[in-house]
Amino acid sequence: MIENAMLLANLWLNVWFQVAVICCAAIAALIMYKRKVNSLTDTIRDLDRRLVERAVLLQYAKENEKKAKDEALIKQSEYTTLLTQLSHDMRTPMNSVLGLTTLMKSTPLTNEQQDYLQSIKKSSEDLIDALDETLRTAGITHAEEKQQAPKKQQVTYTGKLSPEFAEHFPLKILIAEDDDMNSQLALMLLKRLGYEADYAGNGKEVLEIVSEKKYDLILMDVQMPEMDGLEATRMIRLCLNEQPVIIAMTANAMDGDRDACLKAGMDDYLSKPVNVEELMQALETWSRRSLTS
Ligand code: MN
């Protein structure tokens, strides 16, 4: 034992041995350092790779989100279009139902028949209310008729369907309406008020008729084949020397439709189903205006 210790002590005193030991230690340290660097490099590469993976996943998620949003917008737009079309298609026949109900109520009827008619009227109005509520829930609002411009004057003949009406408020009236039931109803209503109105089935016919005969007032539907009511109005405003009053009478009853009619050059707006009293108010107002102007 003592001999071995002595040998080691002698070796340690030997300079070359010391150099060799230091070199070995340096090489060992270098190897460890290298390993550490390699390990860190691997870690950094791994982090880089994961970072790229995350970035790709994030991009993918963003693209999916955008795609989902676009699809939702398209679906919302399709839904709005469908509801607006449904609203138009329901208002057109309901205009006839409610108008004919009003006409019938003014004929001689038994109390029982009056009750039946009242029920028909109430059910029809409930149906339109339900439609409006569905549209409101979907974020589509009804055209704001209360903002009708110009402001209506005080009216005198509310609700009375009598031929005297036309004597007080004389007007030459043209009805532009492509729906047969609605045009018949308008003709019958105006006849009950004492007017002999003319009729056109689309915008082109309107232009032909007004080029040959002068009218004080046109009740203009908007959706018509060949030429719609907006285009016909623009043409009339451009081409006629003596301008008629043009009142929209349309099943396009949503927010923006009224403005579209006024922008095309119409003077007033009534949405279907048309309230007979509102129609009479409009006729009285515009007749007074044309008499005073
Ligand atoms: Mn129409």
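The values are calculated or read from the model by the stated rules, or taken from the named source; none is laboratory data. The structure displayed is predicted, hence computed values, not measured ones. Ideal geometry is used to build each Cβ from the backbone, glycine not excepted, and the neighbour counts take in all protein chains shown. Protein only, heavy atoms only, side chains kept; ligands, DNA and RNA dropped before computing areas. Shrake-Rupley method; radii C 1.70, N 1.55, O 1.52, S 1.80 Å.
Take residue 231 and tell me if it is surrounded by fewer than 16 Cβ atoms within 10 Å (Cβ to Cβ), under 28 Å from the mean Cα position of the chain (by Cα) and within 16 Å of the ligand (Cβ to nearest atom). First the steps, then the outcome.
Working: surrounded by fewer than 16 Cβ atoms within 10 Å (Cβ to Cβ): no; under 28 Å from the mean Cα position of the chain (by Cα): yes; within 16 Å of the ligand (Cβ to nearest atom): yes.
So residue 231 fails the test.
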| request: Output the number of the condition that residue 193 fails; it satisfies all remaining conditions of (1) open to solvent by 10 Å² or more (accessible area, probe 1.4 Å); (2) away from the ligand (no atom under 16 Å from the Cβ); (3) over 30 Å from the mean Cα position of the chain (by Cα); (4) not β-branched (Val, Ile, Thr). | output: (1)
| remark: residue 265 meets each of (1) open to solvent by 40 Å² or more (accessible area, probe 1.4 Å); (2) at pLDDT 90 or above with one exception, condition (1)
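Taking the criterion of being under 30 Å from residue 221 (Cα atoms) and open to solvent by 70 Å² or more (accessible area, probe 1.4 Å), would at least one residue in the range 60-74 satisfy it?
Narrowing the range 60-74 to residues under 30 Å from residue 221 (Cα atoms): 74.
Okay, now just the ones that are also open to solvent by 70 Å² or more (accessible area, probe 1.4 Å), so 74.
Looking for residues that are under 30 Å from residue 221 (Cα atoms) and open to solvent by 70 Å² or more (accessible area, probe 1.4 Å), one finds at least one in the range 60-74, hence yes.
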| Positions within the range 75-126 being more than 16 Å from the ligand (Cβ to nearest atom), more than 19 Å from residue 185 (Cα to Cα) and buried (at least 17 other Cβ atoms within 10 Å of the Cβ), in sequence order | 83
| note | When every residue in the range 215-228 that is within 22 Å of the chain's Cα centre (by Cα) and among the acidic types (Asp, Glu) is compared, the one nearest to the ligand (Cβ to nearest atom) is 221
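Test residue 188 against the stated conditions and say whether it is within 16 Å of the ligand (Cβ to nearest atom) and either in contact (Cβ under 8 Å) with a residue 24 or more places away in the chain or not hydroxyl-bearing (Ser, Thr, Tyr) (or both). Working first, answer last.
Details: within 16 Å of the ligand (Cβ to nearest atom): no; either in contact (Cβ under 8 Å) with a residue 24 or more places away in the chain or not hydroxyl-bearing (Ser, Thr, Tyr) (or both): yes.
Against the criterion (within 16 Å of the ligand (Cβ to nearest atom) and either in contact (Cβ under 8 Å) with a residue 24 or more places away in the chain or not hydroxyl-bearing (Ser, Thr, Tyr) (or both)), residue 188 does not qualify.
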| note | Exception for residue 287 within (1) open to solvent by less than 20 Å² (accessible area, probe 1.4 Å); (2) at pLDDT 95 or above falls at (2)
| query | Under the condition of being touching a residue at least 60 places away in the same chain (Cβ under 8 Å) and open to solvent by 60 Å² or more (accessible area, probe 1.4 Å), which residue from the range 169-183 is nearest to residue 220 (Cα to Cα)? | reply | 181
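When only residues in the range 248-261 that are among the hydrophobic types (A, V, I, L, M, F, W, C) and under 18 Å from the mean Cα position of the chain (by Cα) count, which is nearest to the ligand (Cβ to nearest atom)?
251
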